[in-house]
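Written out below as structure tokens is the structure these notes cover.
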Amino acid sequence: MPTMSTISLNVRRFIIALLFIILLVSHPAYLPFSESAAAADSPIRITGYYPGRDELVGDEFRVAASVDSTYEVKQLSAEVETVRVDLTQPDYPFCTRIRCYDWTGQLRIAGLSKGKKTVTLTAIDSRGNRDTKSFQVIYDEKPVIHIASPLNKAVATPKLRIQASCTDDDVAIGCTSLTVKIGGLEKTINGVDRIDEEVSFASLDGRTIRLDFWAKDSRGQETLKQRDISIDSSDKLSRMDTVDGIAILDISPDRILYAKPDKDKPFTDYVQLEIKNRLTGQVTPIPTLRDKAPNNNSPGYLTPQGAIFIANDVENHHNNVVEWRDGQLLVLGKPDSIGSLKVKGDYALFTNALGDYVVDGYTLVLRNLVSGTNQEVIPKGRFAGIDVTANGEVVFSATMNQGTHNIYKWAQGTLTQITNDTVNSNINPLTDGSSIVYARRIDPNPMKQAESIIVQGPAGSQTLSTFDKSTMEGTDYQINQGWVAFTKEEGSKRIRQTWVQAPDGTKRQVSDLGSDSSIVTLTSRGDVVFKNSQKFIKDNLYLSENPAAGRGDYMYISSGLLKPLWLQGKWIGAINGTLFAVRTGTADSTPPTWPKASRLNASDVTSSSVRLSWNAAEDDKAVTGLQAV
């Protein structure tokens, strides 16, 4: 049983602990600010503020506050020395992890001396009552990272030079560390204020990775900059051109259409479009509409007068077809998907929503990109695939007063029904003007969706292949000048292999790899680029070149990062913002040689020049250049 002296000691300990807690809680360091009883009864009080005491801030920083007021608050301002800003009440409060604030504004203190600064908040109500609160922040800029190489979305082939430097407003000390963390390689490059190192990314071929640049200053502040790079180690690629963008959308002999992040919409996937003249290097930005902008999934095409592309409503994300011509942006319609815009030659074809498109459906519009005029192909329908030729002939799949989709052709105002199927839906047609290739849904089970690939030509209709699952236009079939590329399941494992049918009807198997292949590009002479994924992290591109000339085998050309294009009889391709020439045929492994009696002769020597002459070098293919060092 405790004695009286023990109880008395415990009471004294409890009183001391209670007094300590009271002192601790009431200490100004543990409150946003201390208030007197009189202040608590004031008709207007600033009850909280942001940033916190002694917090590090830069040239511009957010100030926020909360106010309790009996009467209307007429003004709440923040002031640092000669700089002042009026705070406003946004539609939504500014919130931190600790609390939310009703008033906010941006203080720009660039030009003031660095170090501790006093921020004074002043609140005034409609009757002239006011309250002020002051707190200190530390004005110190974060270190600044300057990245000379690589640009964002650069391509390593497979080596890439990493060059970066760091500066800080504390000139006497500067940056205390600069590091680059390379994702995928588990490699870190360390420096103080400068890094310059060439790195091989060969082990990451076919992947896109991120480089994290970290800088730290004497106050412990850190800055992060990031670069995404892609790696392709193929020896068949040689750089042709580079644009300041993240994706090349379309290429012509004299122009490149590409996308770059929209600087006015940071932290979104919206992009800005630009056109680069391949001959002069001149860059022409395409302006954006305030409420409509393309994103990084939007297709875009060069046109005779400019460009045509898909843009999204910023508010509701509905698709819009937008053309840029003669310096103006024209909104042409609202397609049902980004795939419902097809562009070839001088024509564009797209679906356009009618009123309430869920009830009313869509119309089909053909646009002449030279004259800038539209023609209605079909006034109303439910479409399941459309296509157009370079001279303006149209094919489409639609329901026309029946339950199934059928294929129709439209040319110069004349509509022709190609299929008349009341049982199976015929969808996603592609055409070269002479023949049509499409998919026929042969099993209505939505979980199975078995389909056949059908070609309809002058000689009639034939089935090219049949699958127990759905197919996809472009990757499972393409058509070009009488050539048809299609996929077909082969072997006990039913692997999708790529096949080609020639204009005379003869067929040959193009791929024979151990996993599914898909079509990427089919040229007018029957060349096929197909994609094959043999690893989970990498796709490979293969080329079966010019079967009409008897070259029936295929060759590896690059990773699946490349977007190949057959242009003016040559293969080119794009990875991000870099344009490559693609070398095909057998590799040239024999270097050029000099004839045995070769000599380098110098004549007409002056103090500033010399004339050099030499014997021509010899090569089994060709000498394409000389270098004097």
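The values are calculated or read from the model by the stated rules, or taken from the named source; none is laboratory data. On a predicted model such as this, the values are computed, not experimentally measured, just so you know. For neighbour counting, all protein chains shown are included, and Cβ atoms are generated from backbone atoms with ideal geometry for every residue, glycine included. Ligands, DNA and RNA are stripped out before the accessible areas are found, and what is left, the full protein with its side chains, is counted by its heavy atoms. Shrake-Rupley method; radii C 1.70, N 1.55, O 1.52, S 1.80 Å.
Tabulated data for the structure shown
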{"read-out": "Sequence ranges 554-567, 81-94, ranked by mean other-Cβ count within 10 angstrom, highest first", "value": "554-567, 81-94"}
{"read-out": "In order through the range 193-205: 3J(HN,Hα) via Karplus (6.51 cos²θ - 1.76 cosθ + 1.60), integer Hz, x for Gly, Pro", "value": "10, 7, 9, 8, 8, 8, 10, 8, 10, 4, 6, 10, 3"}
{"read-out": "Förster radius 25 Å - calculated FRET efficiency between Asp269 and Asp244 (Cβ-Cβ, nearest 0.05)", "value": "0.85"}
{"read-out": "In Hz, Karplus ³J(HN,Hα) per residue of the range 499-514 (6.51, -1.76, 1.60; θ = phi - 60°; x = Gly, Pro)", "value": "10, 9, 10, 7, x, 7, x, 6, 10, 8, 7, 8, 9, 9, 7, x"}
{"read-out": "Ranked order, Phe383, Phe213 - accessible area, probe 1.4 Å, largest first", "value": "Phe383, Phe213"}
{"read-out": "Chain lengthening between Leu224 and Ala110 when straightened (0.36 nm per residue, less Cα-Cα)", "value": "38.9 nm"}
{"read-out": "The range 179-257: GluC sites (Glu not before Pro) falling in loop per DSSP and having at most 14 other Cβ within 10 Å", "value": "Glu186"}
{"read-out": "Long-range lysine pairs (8 or more apart or interchain), the range 107-167, Cα under 28 Å", "value": "8"}
{"read-out": "Accessible carbon and sulfur surface of the range 336-439 relative to its total accessible area, %, 1.4 Å", "value": "47 percent"}
{"read-out": "Extension gain from Ser177 to Leu329, taking 0.36 nm per residue of separation minus the Cα-Cα distance", "value": "50.0 nm"}
{"read-out": "Shape box of the range 381-509 [Cα atoms, principal axes, largest first, Å]", "value": "47, 35, 22"}
{"read-out": "Accessible area, probe 1.4 Å, largest first, for residues Val423, Val80, Val610", "value": "Val423, Val610, Val80"}
{"read-out": "Hz values of 3J(HN,Hα) by residue in the range 65-70 - Karplus curve (6.51, -1.76, 1.60), Gly and Pro given as x", "value": "7, 10, 10, 9, 8, 5"}
{"read-out": "Relative contact order computed over the range 304-385 (Cα-Cα under 8 Å; 6+ residues apart), in percent", "value": "19 percent"}
{"read-out": "Rounded FRET efficiency, nearest 0.05, which uses the C-beta distance separating Lys570 from Thr593 and R0 of 35 Å", "value": "0.80"}
{"read-out": "Projected-area mean, the range 315-427, by convex hull of Cα positions, square nanometres", "value": "7.7 nm²"}
{"read-out": "Sum of side-chain charges, Gly105 neighbourhood, beta-carbon under 9 Å (Lys, Arg +1; Asp, Glu -1)", "value": "0"}
{"read-out": "Cβ-based net charge around Thr118, under 12 Å, with every Lys or Arg adding one and every Asp or Glu removing one", "value": "+1"}
{"read-out": "Charge sum, other residues only, whose C-beta stays under 14 Å from Thr416's C-beta, Lys/Arg counted +1 and Asp/Glu -1", "value": "0"}
{"read-out": "Inter-label distance for Tyr92 and Ser149, nm, one decimal - labels placed 7 Å from Cα along Cα-to-Cβ", "value": "4.3 nm"}
{"read-out": "Probe 1.4 Å, accessible area per residue of the range 184-277, Å²", "value": "50 Å²"}
{"read-out": "Average accessible surface area per residue within the range 419-500, 1.4 Å rolling probe, Å²", "value": "45 Å²"}
{"read-out": "Amide H within-cut-off set for Ile378, under 5 Å, with H built and near neighbours excluded", "value": "Leu364"}
{"read-out": "Share of carbon and sulfur in the accessible heavy-atom surface of the range 129-284 [1.4 Å probe, %]", "value": "45 percent"}
{"read-out": "16 Å cut-off, amide nitrogen to a point 7 angstrom out along Arg290 Cα→Cβ, residues in the range 240-272", "value": "264-265"}
{"read-out": "Correct choice for volume of the Cα convex hull per residue in Å³ that was computed from the model, options [x] 149; [y] 166; [z] 348", "value": "[z]"}
{"read-out": "Sequence-distant residues sharing a close amide H with Phe201 (under 5 Å, placed H)", "value": "Lys159, Leu160"}
{"read-out": "Trypsin sites (Lys or Arg not before Pro) within the range 273-360, DSSP loop, no more than 13 other Cβ atoms inside 10 Å", "value": "Arg290"}
{"read-out": "Modelled FRET efficiency - R0 56 Å, Tyr71 with Asn190, Cβ distances, 0.05 increments", "value": "0.40"}
{"read-out": "Eligible lysines near Lys570 by straight Cα distance, threshold 21 Å, same-chain separation 8 or greater", "value": "Lys236, Lys276, Lys344, Lys531, Lys621"}
{"read-out": "Sparse-neighbour loop sites [trypsin sites (Lys or Arg not before Pro); the range 376-449; at most 11 other C-beta within 10 Å; DSSP]", "value": "none"}
{"read-out": "Helix-only mean residue ellipticity at 222 nm for the chain, each DSSP H run of n ≥ 4 adding -39500 (n - 2.57), per residue, nearest 500", "value": "-1500 deg cm²/dmol"}
{"read-out": "Mean separation of Cα contacts under 8 Å (6+ apart) over length of the chain, as relative contact order %", "value": "7 percent"}
{"read-out": "Under 5 Å, built H, 5+ apart or other chain: amide partners of Leu464", "value": "Ile453, Ile454, Val455"}
{"read-out": "Per residue accessible area of the range 282-384, 1.4 Å probe, in Å²", "value": "45 Å²"}
{"read-out": "Gained length - Asn391 relative to Glu81, 0.36 nm times residue gap less alpha-carbon distance", "value": "104.7 nm"}
